Amino acid sequence: MQNHEEINRLKNLVQDLLDESEKQGATSAEAGLSVDNGLSVNARLGEVETIEHHCDQSLGVTVYIGQKKGSASTNDFSAGSIKETVKAACSIAGFSSEDEYAGLPEKENLATEFPELDRNYPWNISAEEAIEIAIECEDAARSYHAEINNSEGAAVNSHQGIRVLGNSLGFLQGYESTRHSISCSVLGERDGDMQRDYWYSVSRKADELESAKAVGIKSAERTMSRLGARSLTTRQCPVLYSAEVASGLIGSLIGAISGGSLYRKSSFLLDALDTQILPEFIHIHEQPHLKMALGSSNYDSEGVATAARDIVTDGVLKGYVLSSYSARKLGMITTGNAGGVHNLVVDSGKNDFTAMLKQLDTGLLVTELMGQGVNRVTGDYSRGASGFWVENGQIQYPVEEITIAGNLKDMYKNIVSVGNDVDYRGNIRTGSILIEQMSIAGE
């Protein structure tokens, strides 16, 4: 249930900012406001570690004086502070150099329809109840097996926020949303080998979360499965990215086709529009209006309307990811992606995780990646990894302290299949991804 009175009060504040900007000489302006309330509880070894009640608010304005731009922000919503914030933004704009591509989005691109996206499900939970859930979660993990001998703790988080966005073209919208999570991380030890792993569940609606017990058990199972890990000798082999790390592979693709990388000419997918970059069976599309989904929105961070669209069809790149600014720099039209993508979906194949392991046959299953070894300019990819060695479709033993390497262009073209074991916990929805061949550096 949206709190319309509060949203309207905050909309009036944003309108005050826009009016003040005009008064102080801005030719156009946009303003955004956020108010967040939340509860975070951490428990470790059966005791409460922290209880935090969050209450944050911030207000930002960007003014344009001709083609000069200035931004300022404050967390004080008083009339005097609004005046000062606008004054600061105008002052910065005065010292800025002209940028012919700067400015608000074109009015015809702004969102005009606002279907209900079911993003607001407050969780009326007390600190005491949250503590009980966190301790139950951690207890389930710690009592799972004698080899689970320590814990980094369990956490319960509940957040509710209001976002309002307005600009001097007449756009003024606000909405309320929630996000709740339960997480747990534990350590295990066998024969002097120590490992840790974790699990978490996240949703807009508390009763859609996995149970505290399930989250705890899953974190313990994952930790246990890593005990006895060893390295591998250097080799080439097929690699299966589990669903929770496969989203990063798709994230690198989105980074490479984002406006900023393209107009700076710092992308390995420069001029790749309408060319084959993935196998024919791959379909990647944006679904910004899915109800209750974590990435859903009727408009982007500029107020431009979002729309369901294909980014990759039959393996061919059909669209870039652009804001108004990057679109102008490229002589194109914004795709409604200022601030990123909204619910990016990689269509699944028919294989579940077990069938994906069978298809991998003999090779590496990756469940965790370390480091930032992705070069967006060349596509060179090299990251620390851990996971499992698989033979004849069966997991044999855990693996750590290895590096996997390749070039993203080749890796994308050598995708063999996408599983239906989709991870719904983020903004990129994909199952596990099998790549035909990669280099592994080990002992």
Residue under evaluation H285, criteria (1) assigned to a loop (DSSP other than H, G, I, E, B); (2) in contact with a Lys or Arg (Cβ under 7 Å, 6 or more places away or on another chain); (3) surrounded by 16 or more Cβ atoms within 10 Å (Cβ to Cβ), criterion not met: (1)
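This table checks each residue for (1) touching a His at 6+ places or on another chain (Cβ under 7 Å); (2) assigned to a loop (DSSP other than H, G, I, E, B); (3) surrounded by 16 or more Cβ atoms within 10 Å (Cβ to Cβ); (4) modelled with pLDDT under 95.
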{"residue": "L262", "(1), (2), (3), (4)": "no, no, yes, no"}
{"residue": "S266", "(1), (2), (3), (4)": "no, yes, no, no"}
{"residue": "D274", "(1), (2), (3), (4)": "no, yes, no, no"}
{"residue": "F281", "(1), (2), (3), (4)": "no, yes, no, no"}
{"residue": "L294", "(1), (2), (3), (4)": "no, yes, yes, no"}
{"residue": "A307", "(1), (2), (3), (4)": "no, yes, no, no"}
{"residue": "V312", "(1), (2), (3), (4)": "yes, no, yes, no"}
{"residue": "R328", "(1), (2), (3), (4)": "no, no, yes, no"}
{"residue": "T335", "(1), (2), (3), (4)": "no, yes, yes, no"}
Residue list for the range 337-356, filter: of a type outside the set (A, V, I, L, M), surrounded by fewer than 23 Cβ atoms within 10 Å (Cβ to Cβ) and within 16 Å of L290 (Cβ to Cβ): G340, N343, D347, S348
Residue match in the range 245-259 (condition: assigned by TED's automatic domain parsing to the domain that holds V422, under 26 Å from I435 (Cβ atoms), out of contact with any Phe, Trp or Tyr (no Cβ under 6 Å at 6 or more places or on another chain) and outside any helix (DSSP H, G or I)): yes
Matching residues in the range 365-394 - criterion: being in a strand (DSSP E or B) and of a type in the set (S, T, Y): T367, Y381, S382, S386
Unique match (being in the same structural domain as Q160 (by TED's automatic domain parsing) and part of a strand (DSSP E or B)) among S21, S73, S81: S73
Residue, farthest from the chain's Cα centre (by Cα), within the range 151-208, restricted to residues that are closer than 17 Å to S296 by Cα and polar (S, T, N, Q): Q173
Complete set of residues in the range 1-48 that are among the charged types (D, E, K, R), modelled with pLDDT of 95 or more and more than 21 Å from G303 (Cα to Cα): K23, R44, E47
Among residues of the range 414-443, those that are within 24 Å of the chain's Cα centre (by Cα), charged (D, E, K, R) and not in a strand (DSSP E or B), counted: 2
Total residues in the range 52-86, condition of a type outside the set (G, A, S) and buried (at least 16 other Cβ atoms within 10 Å of the Cβ): 14
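Could you run through the range 189-213 and say how many residues are out of contact with any strand residue (DSSP E or B) (no Cβ under 8 Å at 6 or more places or on another chain) and outside any strand (DSSP E or B)? Outline the logic, then answer.
Taking the range 189-213 first, the residues out of contact with any strand residue (DSSP E or B) (no Cβ under 8 Å at 6 or more places or on another chain) are 190-193, 207-208, 211, 213.
Add one more test, that the residue is outside any strand (DSSP E or B), and what stays is 191-192, 207-208, 211, 213.
The qualifying residues number 6.
The values are calculated or read from the model by the stated rules, or taken from the named source; none is laboratory data. These numbers were taken from a predicted model, which means no experiment stands behind them. When we count neighbours, we look across all protein chains shown, and the Cβ atoms used for this are built from the backbone with ideal geometry, even at glycine.
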